[in-house]
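Asks: Handing you this structure, nothing more for now.
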Amino acid sequence: MSTYLPAALLSSLQGLPGFEQSAFIAVHEAGERVTSLRLNHAKLQAPGKTEAVLEALSPAAPVTRVPWAQHGYYLPQRPSFTLDPFFHAGAYYVQEASSMFLEHAIRQTCDLAQPLKVLDLCAAPGGKSTLLQSVISADSLLVANEVIRARAGMLADNISRWGAANVVVTNNDPRDMARLPGFFDVMVVDAPCSGSGLFRREPEAVAEWSPENVALCCQRQQRILADAWPALRDGGILIYSTCSYSKEEDEDIMDWIVSSLEAENIPIPIDPSWNIVTTRSDKRNCEGYRFYPDKVQGEGLFIACFRKTGGDTWQQKKQRDTLSALPKKDREKLQPWVRDLDQYFVMEHQGEAIILPPAVTAAVAVLQQQLYLRKAGVKAGQLTAKELAPDHQLAMSTLLPPTIQEVALTLTQALQYLRKEDPALPVAMKGWALMQYGQMPLGWAKILLNRINNYYPKELRILKEI
Ligand code: SAM
């Protein structure tokens, strides 16, 4: 018997595909910590950058690849991410490896070359959203939604750090999505769940597990899916996942989806060497995929894919909703700050300039009318009468031109900067400068005659001492 896994959980898992009690208990008791992350390839285009980031993360031993994610890696040891400036530069997202399987699921079910509108309904803190952003095309739009306000803030920070312009962060209840009938091509529902899949990583979460909570989670999962369902277009793709092993939240939800919503299950090919377990639902024979930590290098996960077979297709109204464009004279102030500015739409919102790909502006205009937008695109900065005061989002973005003045920091200086101290730097320049570490931007500083003002956002600063 296990010293900490609930007996009621273990007995409820008996007979489920792939469940082997002794191996399952042993892997939990061993408490091994698997560390994995996904690189942000959009920020690592220059030759040697990927290698530099991986070398800094694991100088002594080689990293290995996560088989189902193009930019996913396992680290042999867990470094201090807080004290790695590349983490703060958005060079990677620390993500549990099983979750990265979403990449395989979306590649198998969607034509990612198309411009897609993708909703990540339960998105905070942003692991799956950053992955989705990396696989969709530049003229696609990702809507990363989180219902809990404080968590939506965390999600917005992680999305900003990721640096892409084709993302909107919303803070809405799933039922609000019904205002957008047939709007989305893809909907990812990484549902709140009883969380047993994370018990190896977070043994303290075991105390919150109970059969009653599994039943409550199952009800809530149905409600979330039913509430948001109208927003998926006819023929659109639903990807449903949990980090629970419980059948009530996994196979039974698959049955509920095809019985209660107009949907068909989509099986996807799985490489047998991955050791992912294929499972089927009792009533409708739907196929889903189970990840067990005694079989894969990752935590517990369940995932399944569906196609909607009815419902609405979004009718775009003749630009009744439009975004307010930044006036031409102000737009000129942005020229030195944004690479290929002509290729972007610049929106004006409360004195700030916000950059969006033109392909997504009609959709963003609709969202602005219907949902609470926490963040859209990349905020370039505040416009004053004379200039643009650049925003941290711009420093984190992939939009910066190579002509911006930069200050290369050492590791010690980079950590001082990230703690919001003012590093004493003998620099012979004036004005706004991008603070960089290993050629990756960390944020802005304003260099004056005899001092440097650190513009790193206070709420993001490192509090931890070495
Ligand atoms: N997708 C995220 C990621 O990969 O980083 C993790 C999402 S977590 C499993 C589930 C999320 O659902 C949490 O952020 C939680 O706040 C949110 N949530 C909780 N109750 C909800 C509800 N009733 N409707 C929608 N989302 C809810």
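Asks: Over the stretch 43-91, with every protein chain in place, what whole percent of the accessible area is carbon and sulfur at 1.4 Å, could you tell me?
Replies: Answer for the stretch 43-91: carbon and sulfur cover 56 percent of the accessible area.
Asks: If the viscosity is 1.306 mPa s and the temperature 10 °C, what translational diffusion coefficient in µm²/s does Stokes-Einstein give for the stretch 384-466 when Rh comes from Kirkwood over Cα pairs?
Replies: 121 µm²/s
Asks: Right, something else. Filter the trypsin sites (Lys or Arg not before Pro) in the stretch 288-350 to those in DSSP coil with at most 14 other Cβ atoms within 10 Å of their Cβ, and list the result.
Replies: Those satisfying the criteria are Lys317, Lys318, Arg320, Arg339.
Asks: Now, a different point. How large is the accessible surface per residue of the chain, computed with a 1.4 Å probe and reported in Å² as a whole number?
Replies: 42 Å²
Asks: From Cα pairs below 8 angstrom and at least 6 apart in sequence, can you work out the relative contact order of the stretch 281-373, rounded to a whole percent?
Replies: Relative CO of the stretch 281-373 lands at 19 percent.
Asks: Once a ≥ b ≥ c are taken as the square roots of the eigenvalues of the Cα gyration tensor of the stretch 249-289, is the result rounded (a/c under 1.5), prolate (a/b larger than b/c) or oblate (a/b not larger than b/c)?
Replies: Prolate, because a/c is 1.5 or more and a/b exceeds b/c.
Asks: Output the 0 to 90 degree angle, nearest 10, between the alpha-carbon long axis of helix 361-370 and the longest principal axis computed from the alpha carbons of the chain.
Replies: 70 degrees
Asks: Specify whether the C-alpha gyration tensor of the stretch 302-358 places it in the rounded, prolate or oblate class, a ≥ b ≥ c being the square roots of the eigenvalues: rounded for a/c under 1.5, otherwise prolate if a/b is larger than b/c and oblate if not.
Replies: prolate
Asks: Would you mind classifying the stretch 168-281 by shape? Square roots of the alpha carbon gyration tensor eigenvalues, ordered a ≥ b ≥ c; an a/c under 1.5 is rounded, otherwise it is prolate if a/b is larger than b/c and oblate if not.
Replies: Because a/c hits 1.5 or more and a/b fails to exceed b/c, the stretch 168-281 counts as oblate.
Asks: Given a 1.4 Å probe and every protein chain left where it sits, what share in percent of the accessible area of the stretch 154-211 is carbon and sulfur?
Replies: The value for the stretch 154-211 is 47 percent carbon and sulfur by accessible area.
Asks: When only Cα pairs under 8 Å and 6 or more residues apart are kept, what is the percent relative contact order across the chain?
Replies: 14 percent
Asks: Looking at the calculated P(r) for the chain, what percent of the C-alpha pair distances fall above 39 Å?
Replies: Summing the P(r) tail past 39 Å for the chain gives 25 percent.
Asks: For the stretch 376-454, with all protein chains present and a 1.4 Å probe, just round the carbon and sulfur fraction of the accessible area to a whole percent.
Replies: Of all accessible area on the stretch 376-454, carbon and sulfur atoms account for 52 percent.
Asks: Which of the trypsin sites (Lys or Arg not before Pro) across the stretch 348-447 are loop residues per DSSP, with 14 or fewer other Cβ within 10 Å?
Replies: Sparse-neighbourhood loop trypsin sites (Lys or Arg not before Pro): Lys386, Lys430.
Asks: Normalising by the residue count of the stretch 323-428, find the relative contact order in percent from Cα pairs under 8 Å and 6+ residues apart.
Replies: Over the stretch 323-428, the number comes to 23 percent.
The values are calculated or read from the model by the stated rules, or taken from the named source; none is laboratory data. As the structure is a computational prediction, the values presented were derived from the model and not from experiment. Quick reminder, even Gly has a Cβ in these numbers, built from the backbone with ideal geometry, and neighbours come from all protein chains shown. Accessible surface areas use protein heavy atoms only, side chains included; no ligands, DNA or RNA. Shrake-Rupley method; radii C 1.70, N 1.55, O 1.52, S 1.80 Å.
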